[in-house]
Every structure is written in C-alpha cells, then in structure tokens.
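Starting off with a structure, shown below.
The values are calculated or read from the model by the stated rules, or taken from the named source; none is laboratory data. Quick caveat, the model's predicted, so the values are computed rather than measured. Here the Cβ positions follow ideal geometry from the backbone for every residue, glycine too, while neighbour counts run over all protein chains shown. All accessible areas refer to the heavy atoms of the entire protein, side chains included, with ligands and DNA or RNA removed. Shrake-Rupley method; radii C 1.70, N 1.55, O 1.52, S 1.80 Å.
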Number of protein chains: 2
Amino acid sequence: MQKLFQYNWQVREDWFNWCETVPEADILKERVGGVGGVLHTLFHIVDVEYSWILNMKGEVVPDVPPFKEYASLHKVREFSREYHHKVVRPFVYSWKDEMEKKTLLDTDSSGQTSIYKQGEIMRHILAHEIHHIGQLSIWAREIGKKPISANFIDRGLS
Amino acid sequence: MQKLFQYNWQVREDWFNWCETVPEADILKERVGGVGGVLHTLFHIVDVEYSWILNMKGEVVPDVPPFKEYASLHKVREFSREYHHKVVRPFVYSWKDEMEKKTLLDTDSSGQTSIYKQGEIMRHILAHEIHHIGQLSIWAREIGKKPISANFIDRGLS
C-alpha cells in the first residue's frame, strides 16, 4: 500500500515542478473534463487525500475550501505540503494490515451516509490520484509540453 | 494487490460497454495525448498487462501486434478476454507476498535491459491502467458523453 502512495507523492511533486515551467494562465485555464484545469486538479487531489485520511482518523473533516482561494501554484503546493506532513504521511506510514477491515462512516455533500472499510478507502485515494494525473497528461499535450512520466518503474520504489 | 486489479478489470469492462454507446468513429478518432485514441488506449492497456505478466511467468513475450489489426471494439474486447483468462487472471490470483522480491529481466524496444522486482512490476501495471483510463475520461467529455466513474468505492470491492 505505502509504495503506491510514495509513487503518487513523487509524481505529484514532479507535476508541481512541471507547473513551474508553464505560464500560469495555462495551469489556471478552464479545460474540458475532470475538475476543469491543471492546478484545480492538483488542489482536488490534495483535498480528497487529506479529507479521507482525517475521516479515517476520526477527526472533523473541514469543508472543501473554494479553489479560488488557492488559485496559485505556490498556494496549492503549500496546501499539499502542510497536510502531507501533518496528516497524510504519518497515517500512511502507520498503516498495518489489521487496519484494512476497520469501518468508517461517510456523509457525502447531499447528506447521504455510507459505511466503508479503511482498506477500500486507501485504494480509493490511490486510484483517485492516478486517474486525475492521467487527465493532466492530456492537458499537458494540449499546452504543447511533454507530461510527467506515469511509470512506476525506474522511480526507485522497488 | 488483487483488489486494485479487480478494480481495473471492472472499470475496463465498464469502458468497453461505454464504447458500445458511442459511434465507432469517435472511439477510433486520433486524439491529442496518450497513445492517441479511445480504442487504441484500451488495446494498449491489455497489451501492457499481459506482456509484463508473460515476462514474470518466464514466457516469451510476443511483439506488440499493430493496432490496425485490432481496430474494432469487438476485436479489442476479445483480445482483452483471451489474455485475461489464459494469462492475467491466473497469475494475479496466484500472487503471494513472497513473489514481491523475485527479479525479472526486461529488454525494452531499444534493446536496453533492466532488472525489476515483481512487486514493482505489479504496481507498474496497476498504475499504468488507471493513468490511461484517466485520459479516456477527458476524451469522453470531448465526445460529449459522461465518463465511467473512477471511484474505487461503491464497486463491491471492500
């Protein structure tokens, strides 16, 4: 489990660096599909990851802040770093197989509640980030730039 | 490990069904980014998955067939099913933690050889499919259709 999280964090950092090489207008531009833009996608990835982890820790999950308050590369990067060190990394590195079946209650934005297993949520977070990063790779080509490699191999994660 | 493979297989099947609802020209159309089209992407996902698994089984990996020989939904679906039952599924369901560190030799198309661990390759296959499916979700919106949900939750995989 941890290795796929490490992969996601490494790829995300690569994309933050990639964003530095692109005019800000290109990463802020509204695009077709996904959550609608490069930086907004990175913001959404960070938000979903820490929100689920706060939920698994039994802590209060704050409302998603509006993206417009974070609409700069610097702010999204800080947002990612802050929760990574405070919440995400400690939880992922403390993960043990016996946490797999522990249940948690989720209430979605429409007020509907569901019960999930923690293992299921961990895989949901993993797939969520990889999926959205795939979308960035299309938009990178639209911008005319080579996307970050999605390879898991050759990243020192063996 | 198995659950993320099951997720990928379920999502892939959903996309094959989605393709049935779209004019064939839309799934064959050359697009910007990735391997360049909806059906070509599904073909590439199947090819990469079974090729790595044949390699891990120590079997000869055939050359990638040209996509133009498989450029219909029916053929790509059959291609996926055939290798799924013959090669992929048996290997994934026989996976045990002790297979993680076993090494394999890979020779890429330029003739360069690399040594990988099997656990690394399994995660590479998983991330590879999820990443490319993220690309399909953008193209679905370009076509004007709702993409398949990428959620891991609510798929009965807990």
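Can you find a residue in segment A:132-142 that is outside any loop (DSSP other than H, G, I, E, B) and open to solvent by 40 Å² or more (accessible area, probe 1.4 Å)?
Applying the first criterion (outside any loop (DSSP other than H, G, I, E, B)) to segment A:132-142 yields A:132-142.
If we keep only those that are open to solvent by 40 Å² or more (accessible area, probe 1.4 Å) as well, we get A:141-142.
Yes, the conditions are met somewhere in segment A:132-142.
Here's a check for you: in segment A:62-114, which residue that is in a helix (DSSP H, G or I) and among the basic types (Lys, Arg) is most open to solvent (accessible area, probe 1.4 Å)?
Step one: of segment A:62-114, the residues in a helix (DSSP H, G or I) are A:67-70, A:73-93, A:97-99.
From what's left, among the basic types (Lys, Arg): A:68, A:75, A:77, A:81, A:86, A:89.
On the way: A:LYS68: 169, A:LYS75: 102, A:ARG77: 23, A:ARG81: 103, A:LYS86: 122, A:ARG89: 99 Å².
Step by step, filter segment A:62-114, then rank; the result is A:LYS68.
Yes or no: A:PHE152 closer than 30 Å to B:GLN118 by Cβ and either more than 10 Å from chain B (Cβ to nearest Cβ) or open to solvent by 10 Å² or more (accessible area, probe 1.4 Å) (or both)?
no
Being over 15 Å from B:VAL61 (Cβ atoms), of a type in the set (S, T, N, Q) and over 20 Å from the mean Cα position of the chain (by Cα) is the filter here, so list the residues in segment B:82-133 that pass it.
B:THR103, B:SER110, B:GLN112
Is it the case that segment A:110-125 has a residue that's in contact (Cβ under 8 Å) with a residue 24 or more places away in the chain, closer than 27 Å to B:MET122 by Cβ, at the interface with chain B (Cβ under 10 Å from one of its Cβ atoms) and of a type in the set (Val, Ile, Thr)?
yes
Could you look through segment A:15-57, keep only residues that are in contact (Cβ under 8 Å) with a residue 40 or more places away in the chain and open to solvent by 60 Å² or more (accessible area, probe 1.4 Å), and pick out the one that is nearest to B:LYS145 (Cα to Cα)?
A:LEU28
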